[in-house]
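Trainee: Next up is a structure, given as structure tokens.
The values are calculated or read from the model by the stated rules, or taken from the named source; none is laboratory data. All of these numbers come straight from a predicted model, not from anything done at the bench. Here the Cβ positions follow ideal geometry from the backbone for every residue, glycine too, while neighbour counts run over all protein chains shown.
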Amino acid sequence: MQLSDEFLAAIDAEGGRFTPPHPPRRTAPIPFWKIMKLYRENIIAVFSENDFRRPIIHDRYLALDVFTVNDPALVQETFQTKHEIFQRKTPQMRHALAPLLGDGLFVSDSETWKRRRGAVGPIIHTSKVRSFSPLMCETAVEWREHWREMGDGAQVNVLAEMAELTAEIISRTVFGRRLGREHTGEIVAGFAEYQKHIDQMDLPSVLGLPDWFPRPRGLKVGRALRRVHGVIDDIVTRFEQGRGDAEAVIGQLFAAREEGADGLDREAIRNEAIVIFMAGHETTANTLAWAWYLISQSGRVRDKLHAELAEVLQGRAPEIDDVRRLTYTRAIIEETLRLYPPVPILGRQALADGDINGTQVKRGAVVMVSPFMLHRKPDLWSRPDEFIPERFDDRLTQRPSKYSYIPFAIGPRICPGLTFGLTEAILCLATLAQDFELELEPGHEVRTQCRLTLRPGDTLPMRLHRRAAAAEAPA
Ligand code: HEM
């Protein structure tokens, strides 16, 4: 995390410094209505310059107490030691996602969460990633072919391209190769429609109203829900009739039910399939889109990436065993996740009265940890806003402590798809960067935008350039 002065001076000497965009940090107090507006439109713009340096911040919005924890030891206390108190998702998150995910793992807590985590976690666990990796590799190679067909200089929306690529991978993983292919587009369109129309603000909770108080849901949200549930119900039925792939996640959930997993009825299986699809698709897509943007702006990083790909892969497409040798590619992904964690706010609601390092937190209060802010805390990181993948090179510096680098969260609710997502991102980037260099469309300004996840705006227009070395290499 802290790089040596010699190393930083060497980057300066070769003109290799690059600070990508982040929302402006306010330096003076702003009126309440402006804070509410930021919460709704781009929550990470709420933090002030000073907030980045503080260990814990307490705000009160109408009837709601909000504590933002911004220190590794306090993150450990909140998410690990005091998981029992701080495990519940915020009312905002639960009300926004429960219509889509039901009692799915992502929004549940306590006993339901424990049971579901026990059933789902092992299916996508690190030890299973090798068995899913051929799907990742073959889909990435299909994408390379698709880009080749578009021709040199083609303009693409990289955000949408990466969303389609990762949706295809997660779809084949969850539903199986054949069913995935048929249904990906419809599910992704349904998710996008849902995200666009839900309200993340949840005013009733800010006003102190209880969970049972009705939250009106617009007609468009209802339509999006019917779209997603319709497709997934159809797929689950096919599995029930024995027409699904046993290796697919849904097949494994049915097998877990046969083996006696508690509470895994049909609806639970449907909900968990949606959770995995949702949690495992846009996160990796945004990571890859940001990585393409960052690489395009740093010739220094791009050259080192291409040198590694040439040396390790010698012109062939990567496979799972290459991942541990693609150390710089991995460092680029890890640095991308530091600067732009796809889930930039981890929100919880206290299930009981408690404290964080002596600060009293009453039952019902909201506790947030922002990986976005923690990953840019000046006393933890050298030049925190700059793009320097070498911070994750074990030969140059110590790895960051597990409570200061948390793109996958930490504690019992840590992302169970961590190794899946990292491996997928490394394999996709390596496969495509071997062949292509991407150039940001001149004049396009990249903005950090946070809806449910952190993205480089609504669109990321870039041009595909076939690399000369790749054009000469065997197909
Ligand atoms: C770069 C990719 C990914 C990132 C950055 C990421 C990040 C996260 C984060 C931060 C959480 C915790 C959210 C919270 O506590 O509020 C989470 C939860 C989760 N993720 Fe991921 N994720 C990624 C990929 C994946 C993939 C590929 C899968 C599935 C194959 C997956 C499945 C899940 C599930 C099921 C949960 C809920 C866990 C629980 O609540 O116990 N994620 N992820």
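Trainee: Sort through G230, G244, G251 and tell me the only one that's surrounded by fewer than 19 Cβ atoms within 10 Å (Cβ to Cβ), more than 16 Å from V107 (Cβ to Cβ) and touching a residue at least 24 places away in the same chain (Cβ under 8 Å).
Mentor: G251
Trainee: Hey, another quick one. Considering region 262-279 alone, what residues qualify as being over 9 Å from R116 (Cα atoms) and touching a helix residue (DSSP H, G or I) at 6+ places or on another chain (Cβ under 6 Å)?
Mentor: The answer is I269, R270, N271, A273, I274, V275, I276, F277.
A quick yes/no check of all residues on (1) at pLDDT 85 or above; (2) aliphatic (A, V, I, L, M); (3) farther than 22 Å from W381 by Cα:
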{"position": "Q2", "(1), (2), (3)": "no, no, no"}
{"position": "F7", "(1), (2), (3)": "yes, no, no"}
{"position": "A13", "(1), (2), (3)": "yes, yes, no"}
{"position": "P29", "(1), (2), (3)": "no, no, yes"}
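Trainee: Of the conditions (1) crowded, with 20+ Cβ neighbours inside 10 Å; (2) modelled with pLDDT under 90, A268 satisfies every one except a single condition; which number is it?
Mentor: That leaves (2) as the condition not met.
Trainee: Further question on the same structure: Could you list, in sequence order, all residues of region 416-447 that are within 9 Å of the ligand (Cβ to nearest atom) and either of a type in the set (A, V, I, L, M, F, W, C) or not in a helix (DSSP H, G or I) (or both)?
Mentor: Passing the criteria: P416, G417, L418, F420, L422, A425.
Trainee: Okay, moving on. All but one of (1) more than 14 Å from the ligand (Cβ to nearest atom); (2) in a helix (DSSP H, G or I); (3) buried (at least 16 other Cβ atoms within 10 Å of the Cβ) hold for V66; state the number of the condition that does not hold.
Mentor: Single failed check for V66: (2).
Trainee: Given the options R330, R338, R391, R413, name the one that is outside any strand (DSSP E or B) and more than 16 Å from the ligand (Cβ to nearest atom).
Mentor: R391
Trainee: Right, here's the next one. Taking region 278-298 as the search range and keeping residues that are part of a loop (DSSP other than H, G, I, E, B) and within 17 Å of E164 (Cα to Cα), which one is farthest from the ligand (Cβ to nearest atom)?
Mentor: H281
Trainee: Here's another thing I want to ask about it. Are any residues in region 341-375 of a type outside the set (A, V, I, L, M) and within 16 Å of the ligand (Cβ to nearest atom), and if so, which ones?
Mentor: Passing the criteria: P341, P342, P344, G347, R348, Q349, S370, P371, F372, H375.
Trainee: Take region 394-410 and flag every residue that is within 16 Å of the ligand (Cβ to nearest atom) and surrounded by fewer than 19 Cβ atoms within 10 Å (Cβ to Cβ).
Mentor: Scanning region 394-410 gives K402, A409.
Trainee: So which pairs qualify, if the first residue must be in region 122-139 and closer than 24 Å to L432 by Cβ, the second must be not in a helix (DSSP H, G or I), the Cβ gap must be under 8 Å, and the two must be at least 6 apart or on different chains?
Mentor: So the pair list comes out as I124/G280; I124/P416; I124/G417; S131/E247; S133/E319; C137/A317; C137/P318; C137/E319.
Trainee: Restrict the check to region 82-95 and report whether at least one residue is among the polar types (S, T, N, Q), closer than 30 Å to K196 by Cβ, touching a Gly at 6+ places or on another chain (Cβ under 8 Å) and in a helix (DSSP H, G or I).
Mentor: yes
Trainee: While we're looking at this one, here's another question. Collect the residues in region 17-49 that are within 26 Å of the chain's Cα centre (by Cα) and in a helix (DSSP H, G or I), keeping them in residue-number order.
Mentor: Residues satisfying the conditions are I35, M36, K37, L38, Y39, R40, E41, I43, I44, A45, V46.
Trainee: Right, here's the next one. Being in a helix (DSSP H, G or I) and aliphatic (A, V, I, L, M): is that true of L105 here?
Mentor: It is false that L105 is in a helix (DSSP H, G or I) and aliphatic (A, V, I, L, M).
Trainee: Give region 26-57 a look and list any residue that's under 23 Å from Y293 (Cα atoms) and surrounded by 16 or more Cβ atoms within 10 Å (Cβ to Cβ), or say none.
Mentor: The answer is N42, I43, I44, A45.
Trainee: Can I ask one more? Does region 267-278 contain any residue that is under 22 Å from the mean Cα position of the chain (by Cα) and closer than 20 Å to G411 by Cα?
Mentor: Yes.
Trainee: Also: What is the residue count in region 113-172 for residues that are among the β-branched types (V, I, T), within 14 Å of the ligand (Cβ to nearest atom) and buried (at least 17 other Cβ atoms within 10 Å of the Cβ)?
Mentor: 8
Trainee: Moving to a separate point now. Is there a residue in region 265-277 that is of a type in the set (F, W, Y), closer than 30 Å to E437 by Cβ and within 14 Å of the ligand (Cβ to nearest atom)?
Mentor: No: zero hits.
Trainee: When you scan region 72-84, do you find a residue that is crowded, with 20+ Cβ neighbours inside 10 Å and farther than 30 Å from G358 by Cβ, even just one?
Mentor: Taking every residue of region 72-84 in turn, none turns out to be crowded, with 20+ Cβ neighbours inside 10 Å and farther than 30 Å from G358 by Cβ.
Trainee: Being acidic (D, E) and either over 30 Å from I232 (Cα atoms) or in contact with a strand residue (DSSP E or B) (Cβ under 6 Å, 6 or more places away or on another chain) (or both) is the requirement here; does E111 meet it?
Mentor: Criteria not met by E111.
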